[in-house]
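Colleague: Just dropping this structure here.
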Amino acid sequence: MTERGVGVVHGRFQGLHLKHMEYLLAAKMRCRLLYVGITHPDIFSYPAVSPLDVYGTLPRDNPLTYIERYEMIRNSLLEFGVKREEFEIIPFPVSRPDLLAQYAPENAVYYMSICGEWDREKEKILSSFGLKTEILWERDAKEKGITGNELRALIAGDGAWRQYMPKAAAEYLTEHGLDERIKNLFAAGSAGINRDNKNK
């Protein structure tokens, strides 16, 4: 039995942009308590296993650590007026769906946005584990808007990227030197993340 007062969303959030916020806030409007699941919390332990999950393996596509994404999401939800007691942020190992019950509530409603084949596959995965899914919207590539991949490319190329992020997320990115990390990873191609340099 699902509990309509509890909802779950998920994403990589590398990094957090305004289309992510649209998704988070749309889900929050439908539930009392929202769990925000961060997929691929660690690409070394939880890399992508589906060929449709094209951005879930390389450090270049996953420059931000779990805790950095956690703090960026937290700060941005607070900036948008969501009370701290009304959301939680959790790991969401979508590449190991057999482990999801250890992180996310099984009796929640799992809100999704469908913008491609990988999203459709994830909906099937969640449903196969008996989780209640609800589709907020379906959009094609033209309707999708900014993507994380496009955002990181703008950052790497010194483009006008701040306009696509919540103010709190953009400030977090620059204050912690994460924009420079993204630039360095783009320059190095698929070079690994330096785990000893978190730019804190």
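Colleague: Which order do L78, L136 fall in if you start with the one that has the fewest other Cβ atoms within 10 Å?
Modeller: L78, L136
Colleague: Mind giving me the nanometre distance, one decimal, between the label points for D158 and A141, set 7 Å out from Cα along Cα→Cβ?
Modeller: So the two model labels end up 3.0 nm from each other.
Colleague: Fewest first, what order do T39, T57 take by the number of other Cβ atoms within 10 Å?
Modeller: Taking fewest neighbouring Cβ atoms as first place, the list is T57, T39.
Colleague: Moving on. Obtain the nm distance between the two label points defined at L18 and E180 by a simple spin-label model: each point lies 7 Å from its Cα along the Cα-to-C-beta direction.
Modeller: 2.8 nm
Colleague: Further question on the same structure: Which ordering of R84, R60, R152 is given by a fewest-first count of other beta-carbon atoms within 10 Å?
Modeller: So the residues, fewest neighbours to most, are R84, R60, R152.
Colleague: Between A26 and E79, what's the calculated FRET efficiency when r is the beta-carbon distance and R0 is 22 Å? Round to 0.05.
Modeller: 0.85
Colleague: Then there's this: Considering the dipole of the chain built from charges on the beta carbon (Lys and Arg +1, Asp and Glu -1) around the Cα centre, which of F13, A101, S50 is farthest to its positive end?
Modeller: F13
Colleague: Under the definition of Cα pairs under 8 Å and six or more residues apart, what whole-number percent is the relative contact order of the chain?
Modeller: That works out to 27 percent.
Colleague: Just from its helices, what would the mean residue ellipticity at 222 nm be for the chain, if runs of 4 or more DSSP H residues each count -39500 (n - 2.57) and the sum is divided by every residue, rounded to the nearest 500 deg cm²/dmol?
Modeller: -10500 deg cm²/dmol
Colleague: Treating the angle as unsigned and between 0 and 90°, give the value, to the nearest 10°, between the Cα long axis of helix 18-28 and the longest Cα principal axis of the chain.
Modeller: The angle comes out near 20 degrees.
Colleague: For I125 and I67 in one chain, what is 0.36 nm times their gap in residues minus the Cα-Cα distance, to one decimal in nm?
Modeller: Gain on stretching I125 to I67: 18.3 nm.
Colleague: Along Cα→Cβ, 7 Å out, is where each label goes; now give me the distance between the ones at V49 and A188 in nm to one decimal.
Modeller: With each label placed 7 Å out from Cα toward Cβ, I get 2.8 nm.
Colleague: For the chain, give the magnitude of the charge dipole about the Cα centre (Cβ charges: +1 Lys/Arg, -1 Asp/Glu; no others), in debye to the nearest 20.
Modeller: The calculation lands at about 160 debye.
Colleague: Could you name the lysines in cross-link range of K167, using Cα to Cα under 23 Å and dropping any fewer than eight places away on the same chain?
Modeller: K19, K28, K83, K144, K183, K198, K200
Colleague: Taking the Cα atoms of the chain, report the difference between the largest and smallest coordinate on each principal axis, in whole Å and largest first.
Modeller: 48, 36, 36
Readers should treat all values here as calculations from the given coordinates under stated rules, not as data from a laboratory. Predicted model, so just to flag it, every value in this text is computed and none were measured. All Cβ positions, glycine included, derive from the backbone under ideal geometry; neighbour counts span all protein chains shown.
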